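For reference, the structure discussed in these notes is given below.
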Amino acid sequence: MNLDRFNQIKSTLKTADCLLWSGADIISDLIEDISRSQYSHAGLVMVFEEYPDLIFTVEAQGSGVLMADLAQRLRTSEGGCTVFPLNADLDPRRREMGERALKMLGTPYDYGALLKLAVEKVKTGEREVVCSEMVQEVYGIQGDILTPGELPRLGIFGPAIKL
């Protein structure tokens, strides 16, 4: 993916902004078809004051919850990514959300929930997580696990920014 748009907006990104990804592989296509959405994956932005030029992503992937350099992640992505910035009224909670995300690093991926989500709703709060569930838990939203495509409907985001 070309990083021009990312480089234009990266100084506006803040911890806990939501990243929604559309993939270019069979699993992504399946998730997008089942959820009737253009998005198949979710993650979060992580920014550290000490490293203002480095922006990270925290996401639940097959190997569990991990943190990676967002520019590198975008560079190697064959799909698309859209940033959903949190509304300004949530700015006071960003530090708390970031701490929650960091505490989830290493949490195993929940393949069972991913399969169940294809046919029924699954509750949050297990020891393993899928990508959108990790985002929900960081935001403090319990209940049914939302698909990546349902996250924008939470009403907590500003205008989307397509990268």
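When the chain is fully extended, how far beyond the present Cα-Cα distance does R95 get from S11, taking 0.36 nm per residue of separation?
Net length gain for the segment: 28.5 nm.
Please turn the phi angles of region 95-112 into ³J(HN,Hα) values with the Karplus equation 6.51 cos²θ - 1.76 cosθ + 1.60 (θ = phi - 60°), one per residue in order, whole Hz, x for glycine and proline.
For region 95-112, the Karplus curve yields 4, 4, 5, x, 5, 4, 4, 5, 5, 8, 3, x, 4, x, 7, 9, 5, x Hz.
For the chain, what does -39500 (n - 2.57) per DSSP helix run (n ≥ 4), summed and divided by total residues, give at 222 nm, in deg cm²/dmol to the nearest 500?
One gets -8000 deg cm²/dmol as the mean residue ellipticity at 222 nm.
Can you pull the Kirkwood radius for region 4-158, inverse mean 1/r over Cα pairs, to one decimal in Å?
15.5 Å
Give the long-range amide H neighbours of I141: residues separated by 5 or more places, or on another chain, with amide H under 5 Å away, using H modelled in the peptide plane at 1.01 Å from N.
Residues meeting the amide H criterion: none.
In sequence order, what are the phi-derived ³J(HN,Hα) couplings for region 37-49 according to the Karplus relation 6.51 cos²θ - 1.76 cosθ + 1.60 with θ = phi - 60°, rounded to whole Hz, with x for glycine and proline?
Along region 37-49, the couplings run 9, 7, 10, 10, 8, 10, x, 10, 7, 10, 10, 10, 3 Hz.
Each value in this text was obtained by applying a stated rule to the coordinates, not by laboratory testing. This one's a predicted model, so the numbers in the text were calculated from it and none came from an experiment.
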